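*Asks:* Following this message is one structure expressed as structure tokens.
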Amino acid sequence: MFSAAVTPPRIITLILLTGLSTLSLNMFLPSLSNIAETFQADYTVVSLSIAGYLGMTSVLQIILGPLSDRFGRRPVLLVTLVIFTLASLGCVWAANIWIFLAFRMLQAAIISGAALSPAVIRDMVSTQQAASLLGYVSMAMAIAPMLGPMFGGGLDELFGWRASFVAFTAIGIVVFGLCWVDLGETNDRPSETFTKQFQIYPELFKSRRFWGYSLCMAFSTGAFYAFLAGAPLVTKALFSMSAGTLGIYLGTITLGFFLGSFLSGRYASHYSLTTFMISGRIAACIGLSAGLGLFLAGYVHVISLFGATIFVGLGNGLTMPSSKAGAMSVKPELAGSASGLSGALTVAGGAVITSITGVILTEANGAYALLGMMLFCSAMGLAAALYVLWIDRREGTRRFS
């Protein structure tokens, strides 16, 4: 009845794994002030539960990918799910802010879901089919950020902030059980030793295609991070927008991402990777250029800002699945390592772009600087996609199996 899986997982299992990885980042955000009050801690310290968590996920992706190439996807995913579940329980029982933060950092182990689900998919199907399935999986990355804070806020209102971590514990147990019975091993070419695995790495690191795919992902996501960093300042300065109203408008970029991911899932298997990568970057650049043009023409309106950012979400939904599939297909035997490394580069790039956005934005230049920064990132992503296309045409398009 509860026997270990020996066959590849259903797509719903990978969607839930990815969704939990995303949910763990922001579900408890409405509770930050209450956590600070409970532990009588400075809000800056409590915010490490977000910044520190992001940093930890970036490091872990670099580690977990190679581990899955050596020992298999299934054991790594199961072990990290156990760590996440126990860490969630530790957050519930934490007696002070430092114990809470320690367990919160251990929760970052769940990034394995987002890092290794693409590798599992790439193990099972061809590159273009992987881009299609990743489109559907990416839809979970759009839904979870929208629903997570609402769910967490509701739990806080009813039962207190610890209820969110009780929920994480319960969800972790359920997803572990699902993976136990449904997620069989898909890595049929594990590395014999880490030494042999590391000997293959230079081929991955030297691959121009890999860096083209990865930079396209990093800059595409960077536009999203810039939006999150600058939107609160811009909307307050220009529209005197309340936090509640801003929360609704922030969902527009996620709505666009959901649509773009759906289109990738529906059509990516029928076209080349670069077709979707370039189409997504062009959509983002057109939307941002139109929004910036409206502001320069004196049309200062919420539509000028959020109408443009819908196209960023749409473009990312089109671009990301194909870029990820391409990065993992450069060296299929290192799909886990490639997935982890490209994911870490995306997070690190997002952190850098967020910092730059915070430095250059002021109330005076807010809208222009924000849209300009997002347009710059989208254009750089387009350049990376065109670079991959140039390599394909120069060296011949590689048909990955």
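*Asks:* How about segment 210-225: which of its residues are within 9 Å of Val388 (Cα to Cα) and of a type in the set (Gly, Ala, Ser)?
*Replies:* Of everything in segment 210-225, just one residue is within 9 Å of Val388 (Cα to Cα) and of a type in the set (Gly, Ala, Ser), namely Gly212.
*Asks:* Considering (1) touching a Cys at 6+ places or on another chain (Cβ under 8 Å); (2) farther than 26 Å from Ala108 by Cβ, say which one Phe295 fails and leave the rest.
*Replies:* For Phe295, the failing item is (1).
*Asks:* Let me ask something else about it. Quick one: Leu60 ticks every box in (1) in contact with a Lys or Arg (Cβ under 9 Å, 6 or more places away or on another chain); (2) under 30 Å from Asn187 (Cβ atoms) bar one, so which box is it?
*Replies:* Every condition holds for Leu60 apart from (1).
*Asks:* Can you tell me which residue in segment 103-124 is farthest from the chain's Cα centre (by Cα), limited to those that are among the hydrophobic types (A, V, I, L, M, F, W, C) and farther than 16 Å from Thr85 by Cβ? It would help to see each step written out before you state the result.
*Replies:* Kept after step one, since they are among the hydrophobic types (A, V, I, L, M, F, W, C), are these residues of segment 103-124: 103, 105-106, 108-111, 114-116, 119-121, 124.
If we keep only those that are farther than 16 Å from Thr85 by Cβ too, we end up with 114-116, 119-121, 124.
Values: Ala114: 7, Ala115: 9, Leu116: 12, Ala119: 14, Val120: 16, Ile121: 16, Met124: 21 Å.
Ranking the qualifying residues of segment 103-124, first place goes to Met124.
*Asks:* Return the residue satisfying two criteria in turn: it lies in segment 29-53 and is aromatic (Phe, Trp, Tyr) and surrounded by 13 or more Cβ atoms within 10 Å (Cβ to Cβ), and of such residues it is nearest to Ile110 (Cα to Cα).
*Replies:* Step one: filter segment 29-53 for residues aromatic (Phe, Trp, Tyr), giving 39, 43, 53.
Remaining after also requiring surrounded by 13 or more Cβ atoms within 10 Å (Cβ to Cβ): 39, 53.
Working: Phe39: 25, Tyr53: 11 Å.
The selected residue is Tyr53.
*Asks:* Can I ask one more? Under 8 Å by Cβ, and 6 or more places apart or on different chains, what pairs join a residue from segment 258-283 that is in contact (Cβ under 8 Å) with a residue 24 or more places away in the chain and of a type in the set (S, T, N, Q) with one that is assigned to a loop (DSSP other than H, G, I, E, B) and surrounded by fewer than 18 Cβ atoms within 10 Å (Cβ to Cβ)?
*Replies:* Note: pairs meeting the criteria are Ser272/Thr397.
*Asks:* Oh, and also: Residues to consider are Phe28, Phe39, Phe71; find the one that is out of contact with any helix residue (DSSP H, G or I) (no Cβ under 9 Å at 6 or more places or on another chain) and not assigned by TED's automatic domain parsing to the domain that holds Val352.
*Replies:* Phe71
*Asks:* Further question: Considering every residue within segment 302-311, establish whether at least one is in a helix (DSSP H, G or I) and under 30 Å from Arg208 (Cβ atoms). Spell out how you get there, then give the answer.
*Replies:* As a first pass, look at segment 302-311 and keep what is in a helix (DSSP H, G or I): 302-311.
Then drop every residue that is not under 30 Å from Arg208 (Cβ atoms), which leaves 311.
Yes, some residue in segment 302-311 is in a helix (DSSP H, G or I) and under 30 Å from Arg208 (Cβ atoms).
Residues are listed down the side, and each one gets a yes or a no for (1) outside any helix (DSSP H, G or I); (2) modelled with pLDDT of 90 or more:
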position	(1), (2)
Phe165	no, yes
Ile171	no, yes
Arg189	yes, no
Glu192	yes, no
Glu203	no, no
Phe210	no, yes
Ala223	no, yes
Ala226	no, no
Gly230	no, no
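*Asks:* Right, something else. Which of the residues that make up segment 232-249 are touching a Phe, Trp or Tyr at 6+ places or on another chain (Cβ under 9 Å) and buried (at least 21 other Cβ atoms within 10 Å of the Cβ)?
*Replies:* Listed by number, the list holds a single entry, Thr235.
*Asks:* Quickly run through segment 78-97 and pick out the residues that are more than 21 Å from Gly160 (Cα to Cα) and either in contact with a Phe, Trp or Tyr (Cβ under 8 Å, 6 or more places away or on another chain) or among the aromatic types (Phe, Trp, Tyr) (or both).
*Replies:* Leu78, Leu81, Val82
*Asks:* Let me ask something additional. Would you check if Ile63 is under 23 Å from the mean Cα position of the chain (by Cα), surrounded by fewer than 18 Cβ atoms within 10 Å (Cβ to Cβ) and within 12 Å of Ala108 (Cβ to Cβ)? It would help to see each step written out before you state the result.
*Replies:* On the way: under 23 Å from the mean Cα position of the chain (by Cα): yes; surrounded by fewer than 18 Cβ atoms within 10 Å (Cβ to Cβ): yes; within 12 Å of Ala108 (Cβ to Cβ): yes.
In short, yes.
*Asks:* Within segment 363-378, is there a residue that is part of a helix (DSSP H, G or I), among the polar types (S, T, N, Q), modelled with pLDDT under 95 and crowded, with 23+ Cβ neighbours inside 10 Å? Full working, then the answer.
*Replies:* Here is the first cut: in segment 363-378, the ones part of a helix (DSSP H, G or I) are 366-378.
Going one step further and asking which of them are among the polar types (S, T, N, Q), we end up with 378.
From what is left, the residues that are modelled with pLDDT under 95 are none.
No, that holds for no residue.
*Asks:* Further, regarding this structure: Just to verify a result, which residue in segment 41-60, among those that are more than 15 Å from the chain's Cα centre (by Cα) and touching a residue at least 40 places away in the same chain (Cβ under 8 Å), is nearest to Phe151 (Cα to Cα)?
*Replies:* Step by step, filter segment 41-60, then rank; the result is Ser49.
*Asks:* Okay, next question. Within segment 260-300, work out how many residues are polar (S, T, N, Q), farther than 15 Å from Tyr213 by Cβ and over 21 Å from the mean Cα position of the chain (by Cα).
*Replies:* So the count comes out to 2.
The values are calculated or read from the model by the stated rules, or taken from the named source; none is laboratory data. None of these values were measured; they are calculated from a predicted model. So basically every Cβ, Gly included, is an ideal-geometry build from the backbone, and we count neighbours across all protein chains shown.
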